[in-house]
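*Asks:* This is the structure I have questions about; it appears just below.
The values are calculated or read from the model by the stated rules, or taken from the named source; none is laboratory data. What you are looking at is a predicted structure, and each value in this text was computed from that prediction instead of being measured. All Cβ positions, glycine included, derive from the backbone under ideal geometry; neighbour counts span all protein chains shown. We work out accessible area using only protein heavy atoms, side chains counted, and drop any ligands, DNA or RNA first. Shrake-Rupley method; radii C 1.70, N 1.55, O 1.52, S 1.80 Å.
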Amino acid sequence: MNESIERDHIDTEKMDPEFVDAIVAAGADRIRTCIQCGTCSSVCPSGRRTAFRTRELMRKAVLGLKDDVLSSPDLWLCSTCLTCLERCPRQIKTTDAIIILRNMAVKEGYMLPQHKKTSKILLETGHAVPIDDKNREKRKELGLGEIPPTVHADEKALEDVKKIMKKTGFKKLIEGEEAGSEK
Amino acid sequence: MMTEAQTMSLFLGCVMPNRFPNIEKSLRVVMPALGVNLEELEGASCCPAPGVIRSFSDPTWLALASRNLALAEKEGRDIITGCNGCYGTFKEAIHAVQEYPDRLKEVQNILKDVGLKYNATTDAKHIIEVIYEFGPENIKKLVKRPLEGVRIAVHYGCHLLKPSNLRPWKQTQRPTFLDEIVEATGAESVKYRDKFICCGAGGGVRGSNVSVSVDIAKDKLDSVHEVEADCILNACSFCHLQYEASQAQLNKESGEKKYQIPVIYLTQLLGLAMGIEPDELGLGMHMISTKPLLEKILG
Ligand code: SF4
Ligand code: SF4
């Protein structure tokens, strides 16, 4: 009767059985027990105003729809408020699962440009939000040191932080292959 | 009356020293009066942020968080922080290495390269934890300027309370500890819709999906508006940023000035009640003017 309606189906080859194993191994150990009750979606502040559905994300992860999940911009709408994690009747660490999925997405090269920018700032300054001129002035006016006593005021400390980020592979992850070779 | 003074390592993080030094100022002025001596944690970095950096590289997040903790451990002190995000990072990072010895070894290996030892013996506390230990009763004794008649919308924030199994609070639902501290000043903590919902800033949402983030904040601001509270009170530099910056943005978008709710940080409120001058507490440097509140308090 209605020709425009098609039966929705999931291609078998899109389901990667190892995907959920990797999520479980990384710490979201109970994700397979999800009963699709939707409690997570119902308490989600982002879900209230966007099409992001935590329940759908959990289901797709369990089904192994790796590419679908990792490439989805929705993955980045979670504010990590942890409400769903507190409320899940199966005690699934939903928010942890989202962070695990995000780590996987970044490894696959899916990263929002603003997040890349923040990461580069961290790599450069040791702060995700570094000092600027306006706040230097404010600090002086308040009688605080113009530069806070953090990595901002300590070159050796900043070198250490950079060394750590190189060792964990963060520099390469954000800047790409060329970063691996430089000293 | 005095509980014994303790010395803690002040972890500043990013947002407080680099965007809201006025909050930092109030913290430095007020905490010693509550029995906490603050030592600088020199050379500390970003915590790093639990919603962004941890989302990109969990091992990097753990290594840098452990470095900050190791700096405090070297001094034999616990960390104190005034940001829910930093608090969450440290609590979760400590848990990760204590629960999984392999992860501790991994981190120790990395830190060895920069000459640091780390045994995961340092704790991290939120200012409100320490203030609550000092206690509402002791705060009442310090009040010189009772905030009678001031109606306050208290915002706890998410990472202060959750995950509840890694937090010290006895009440995991609808806690009251922050309200108790606020009411010790003589002010009233008012009920408002969705009090325990997220401010919308975390998880990298503010950075990447700012309209969604501001819309979450708008819901909360509207609830606060509805009950005609005199201000929003918070104890997190990132929630603070969210409420101040979102109001400014909403006003700009609409061309009206509907959102003018002063956003006050916990140590600013306590300082006011203790009779400290507003300028000493950085209250003249807000994005949303604190004037209506100050007029109500100072007359
Ligand atoms: S609340 Fe838990 S069990 Fe229910 S749908 Fe969400 S993840 Fe699945
Ligand atoms: S933690 Fe993320 S997915 Fe869960 S309710 Fe909060 S915003 Fe939604």
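*Asks:* Here are some residues: A:Ala28, A:Ala61. Which one is open to solvent by less than 20 Å² (accessible area, probe 1.4 Å), within 10 Å of ligand 1 (Cβ to nearest atom) and within 19 Å of B:Arg54 (Cα to Cα)?
*Replies:* Working: A:Ala61 fails: within 19 Å of B:Arg54 (Cα to Cα).
Result of the check over A:Ala28, A:Ala61: A:Ala28.
*Asks:* Let me ask something else about it. Look through B:Val97, B:Val15 and report the one residue that is β-branched (Val, Ile, Thr), under 30 Å from B:Ile288 (Cα atoms) and outside the structural domain of B:Asn165 (by TED's automatic domain parsing). Outline the logic, then answer.
*Replies:* Working: B:Val97 fails: under 30 Å from B:Ile288 (Cα atoms).
Result of the check over B:Val97, B:Val15: B:Val15.
*Asks:* Same structure again: Could you list, in sequence order, the residues of segment A:2-24 that are away from ligand 2 (no atom under 16 Å from the Cβ) and within 14 Å of another protein chain (Cβ to nearest Cβ)?
*Replies:* Going residue by residue through segment A:2-24, those that are away from ligand 2 (no atom under 16 Å from the Cβ) are A:2-22, A:24.
Correct list: A:Ala22 only.
*Asks:* Now for a separate question. Being within 16 Å of B:Val224 (Cβ to Cβ) and open to solvent by 10 Å² or more (accessible area, probe 1.4 Å) is the filter here, so list the residues in segment B:262-286 that pass it. Spell out the reasoning first.
*Replies:* Of segment B:262-286, the ones within 16 Å of B:Val224 (Cβ to Cβ) are B:262-265, B:269, B:286.
The one that is within 16 Å of B:Val224 (Cβ to Cβ) and open to solvent by 10 Å² or more (accessible area, probe 1.4 Å): B:His286.
*Asks:* In segment B:175-209, how many are among the basic types (Lys, Arg), within 18 Å of the chain's Cα centre (by Cα) and assigned to a loop (DSSP other than H, G, I, E, B)?
*Replies:* Restricting attention to segment B:175-209, the residues satisfying the condition of being among the basic types (Lys, Arg) are B:191, B:193, B:195, B:206.
The next check asks that each one be within 18 Å of the chain's Cα centre (by Cα); those that pass are B:195, B:206.
Subsequent filtering for residues that are assigned to a loop (DSSP other than H, G, I, E, B) retains B:195.
Of the residues in segment B:175-209, 1 are among the basic types (Lys, Arg), within 18 Å of the chain's Cα centre (by Cα) and assigned to a loop (DSSP other than H, G, I, E, B).
Here is a yes/no grid of residues against (1) touching a residue at least 40 places away in the same chain (Cβ under 8 Å); (2) in contact with a Ser or Thr (Cβ under 7 Å, 6 or more places away or on another chain):
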| position | (1), (2) |
| --- | --- |
| B:Ala5 | no, no |
| B:Val15 | yes, yes |
| B:Lys25 | yes, no |
| B:Val29 | yes, no |
| B:Leu34 | yes, no |
| B:Leu41 | no, yes |
| B:Ala44 | no, yes |
| B:Pro59 | yes, yes |
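Let's see how each residue does on (1) in contact with a Pro (Cβ under 9 Å, 6 or more places away or on another chain); (2) in a helix (DSSP H, G or I); (3) among the basic types (Lys, Arg):
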| site | (1), (2), (3) |
| --- | --- |
| A:Lys120 | no, yes, yes |
| A:Asn135 | yes, yes, no |
| A:Lys138 | yes, yes, yes |
| A:Ala157 | no, yes, no |
| A:Lys166 | no, yes, yes |
| A:Lys171 | no, yes, yes |
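*Asks:* Continuing with this model, one more query. Can you tell me which of (1) within 25 Å of B:Ser211 (Cα to Cα); (2) open to solvent by 40 Å² or more (accessible area, probe 1.4 Å) is the one B:Leu250 doesn't meet?
*Replies:* Of the numbered conditions (1) within 25 Å of B:Ser211 (Cα to Cα); (2) open to solvent by 40 Å² or more (accessible area, probe 1.4 Å), the odd one out for B:Leu250 is (2).
*Asks:* Here is a further query. Does A:Thr94 satisfy being near ligand 1 (Cβ under 10 Å from one of its atoms), crowded, with 22+ Cβ neighbours inside 10 Å and of a type in the set (S, T, N, Q)? Walk me through how you get there before you give the answer.
*Replies:* Numbers: near ligand 1 (Cβ under 10 Å from one of its atoms): yes; crowded, with 22+ Cβ neighbours inside 10 Å: yes; of a type in the set (S, T, N, Q): yes.
Yes, satisfied.
*Asks:* Among the residues of segment B:68-89, write down those that are without any contact (Cβ under 8 Å) to a residue 60 or more places away in the chain and buried (at least 24 other Cβ atoms within 10 Å of the Cβ).
*Replies:* Pass one, segment B:68-89, residues without any contact (Cβ under 8 Å) to a residue 60 or more places away in the chain: B:68-70, B:73-74, B:76, B:89.
The answer is B:Asn68, B:Leu69, B:Thr89.
*Asks:* Test of understanding: among B:Val130, B:Val114, B:Val154, which residue is touching a helix residue (DSSP H, G or I) at 6+ places or on another chain (Cβ under 6 Å) and more than 9 Å from every other protein chain (Cβ to nearest Cβ)?
*Replies:* On the way: B:Val130 fails: touching a helix residue (DSSP H, G or I) at 6+ places or on another chain (Cβ under 6 Å); B:Val114 fails: more than 9 Å from every other protein chain (Cβ to nearest Cβ).
Answer to the check: B:Val154.
*Asks:* While we're on this one: Report the residue count in segment B:139-163 for those that are among the charged types (D, E, K, R), part of a loop (DSSP other than H, G, I, E, B) and under 21 Å from the mean Cα position of the chain (by Cα). Reasoning before the result, please.
*Replies:* To start, the set of residues in segment B:139-163 that are among the charged types (D, E, K, R) comprises B:140-141, B:144-145, B:148, B:151, B:162.
From what's left, part of a loop (DSSP other than H, G, I, E, B): B:144-145, B:148, B:162.
If we keep only those that are under 21 Å from the mean Cα position of the chain (by Cα) too, we end up with B:162.
Residues flagged as among the charged types (D, E, K, R), part of a loop (DSSP other than H, G, I, E, B) and under 21 Å from the mean Cα position of the chain (by Cα) within segment B:139-163 amount to 1.
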